[in-house]
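Okay, structure first, notes after.
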Amino acid sequence: MSKPPSCSPPLPGRVAIGRRLASAALALALALATATIAGASAQPVSFASRPVTLIVPFPPGGGVDTVARALAERLSANLGTTVLVDNKPGASTLLAAAHVARATPDGHTLFIGTPSLSINAALQPNQQPGDPRRVLTPVVRLARQPYVLVAGPALASVQDVGGLIAWAQARPGELNLANSGSLTAPRMAAELLADRAAIRIVTVPYRGGAQAALDVTGGRVHGSFAQVIEALPMLRNGARALAVSSRERSPILPEVPSVAETFPGFDVSSWSGLFAPALTPEPVLDRLNAVVNEALADETLRARFREEGIEFVGGTRQELGELLDREIRGWEELQRRARLQLD
């Protein structure tokens with residue numbers, strides 16, 4: 001059988017050879033590009049092309065700042081670049097949160113969040129930068145410590161949580177508990193206790209924990225929820241630890257019961273976590289999570305802070321996100337029931 005006639009005349013030999021060479025070159029280029037992409041994806045993520053900045057929403061010298069600076073030192077070595085700490089206090093941590101939310105989402109600007117992140121979202125949701133679950137993305141939990149419910153000499157007859165509740169029930173609206181600000185976890189712990197115990201209290205805001213501690217030990221206010229590092233000097237000066245605010249007892253105060261032993265499920269802790277701007281690439285977030293977990297596993301670092309009641313946590317990005325969401329929903333529910341006033 002004869003072949004059908006060609007639809008087009010045969011190409012001259014030189015042209016045909018040229019086309020074959022062009023096709024081969026194109027195939028080679030595509031192969032090289034594919035190999036380059038595959039090789040790049042197999043390489044460890046290296047985003048730290050310039051210094052990384054940890055934004056701390058408090059002045060220098062506090063507990064969160066101290067943790068941030070110790071972490072920055074180790075991360076500098078792990079990432080192979082300088083890690084700086086930049087303190088941006090103000091507006092109950094909203095100023096720092098907004099700064100990071102607006103930053104380029106490349107992992108070079110990070111935020112150290114605390115319970116104020118969830119409290120702000122629940123009690124003043126219209127404030128900038130908005131819902132932290134939308135404008136920030138979790139990297140890893142850093143540390144936690146319980147608060148200590150401390151009773152001063154003005155509550156000389158009270159020895160435990162049950163005694164405190166009985167005292168408050170007999171004197172409605174007279175119990176006053178100091179805190180370091182109306183949008184802080186110590187204030188919210190006191191409000192949650194009042195809600196669970198069905199008692200009326202007065203929360204007394206101070207500009208910081210130091211003056212509040214002086215007034216508790218001086219008998220000018222009845223007591224407070226204080227961080228362990230603030231509570232220990234108070235206990236040495238005649239105050240008494242009634243309970244810790246975490247679900248379990250604290251290793252540094254093992255003889256002190258938890259509030260949860262009286263009110264099951266009660267759990268309010270001071271915590272810190274690392275956040276990046278929303279839309280930060282997943283490989284960068286994973287790399288940050290890995291190097292921070294590595295730093296937090298340093299036993300020398302852990303022992304140094306354990307003496308102050310601070311426990312390093314670490315873990316997955318998801319765990320930090322779940323903590324933030326759980327707290328926001330919990331404070332929103334408390335606000336619906338208690339109608340808390342902002343000072």
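What the table below lists for this structure:
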quantity: Amide proton proximity set for Leu84, modelled H, under 5 Å, gap of 5+; calculated: Val52, Thr53, Leu54
quantity: Helix 185-197 vs. the chain, principal-axis angle (Cα, 0 to 90°, nearest 10); calculated: 60 degrees
quantity: Cα-centre dipole for the chain with unit charges at Cβ (Lys and Arg positive, Asp and Glu negative), debye to 20; calculated: 1220 debye
quantity: Formal net charge of residues neighbouring Val284 (Cβ-Cβ distance under 14 Å; K, R +1; D, E -1); calculated: 0
quantity: Positive-end residue of Pro115, Gln227, Leu164, charge dipole of the chain with Cβ unit charges; calculated: Pro115
quantity: Of all accessible heavy-atom area on the chain, the percent that carbon and sulfur account for (1.4 Å); calculated: 55 percent
quantity: Degrees between helix 63-79 axis and first principal axis of the chain (Cα, 0 to 90, nearest 10); calculated: 20 degrees
quantity: Placed amide H near Tyr206: partners under 5 Å, 5+ positions off or other chain; calculated: Asn179, Ser180, Gly181
quantity: Rounded tilt (10° steps) of 317-338 against the dominant C-alpha axis of the chain; calculated: 40 degrees
quantity: Segment 42-104 - charge dipole about Cα centre, Lys and Arg +1 at Cβ, Asp and Glu -1, debye rounded to 20; calculated: 100 debye
quantity: Mean separation of Cα contacts under 8 Å, 6 or more apart, over the residue count of the chain: relative contact order %; calculated: 23 percent
quantity: Built amide H within the under 5 Å cut-off of Leu136, gap 5+; calculated: Ala278
quantity: Heavy-atom accessible area per residue - the chain, 1.4 Å, Å²; calculated: 50 Å²
quantity: Contact order relative to length of segment 242-343, as percent, for alpha carbon pairs under 8 angstrom and 6 or more apart; calculated: 18 percent
quantity: Rounded to 5, percent antiparallel among DSSP beta bridges of the chain; calculated: 60 percent
quantity: Theoretical ellipticity at 222 nm over the chain - DSSP helices of four or more residues, -39500 (n - 2.57) apiece, nearest 500; calculated: -14000 deg cm²/dmol
quantity: Residue among Ser269, Asn237, Leu75 farthest towards the positive dipole end of the chain, charges placed on Cβ; calculated: Leu75
quantity: Answer label, with Cα extents along the principal axes in Å calculated from the coordinates and candidates [x] 68, 51, 32; [y] 62, 41, 41; [z] 113, 42, 35; calculated: [z]
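The values are calculated or read from the model by the stated rules, or taken from the named source; none is laboratory data. Values in this document were obtained by computation on a predicted structure and should not be read as measured data. Please note: Cβ atoms are built from the backbone with ideal geometry, for glycine as well, and neighbour counts cover all protein chains shown. For the accessible areas, the whole protein counts, side chains as well, though only heavy atoms, and no ligand, DNA or RNA atoms are used. Shrake-Rupley method; radii C 1.70, N 1.55, O 1.52, S 1.80 Å.
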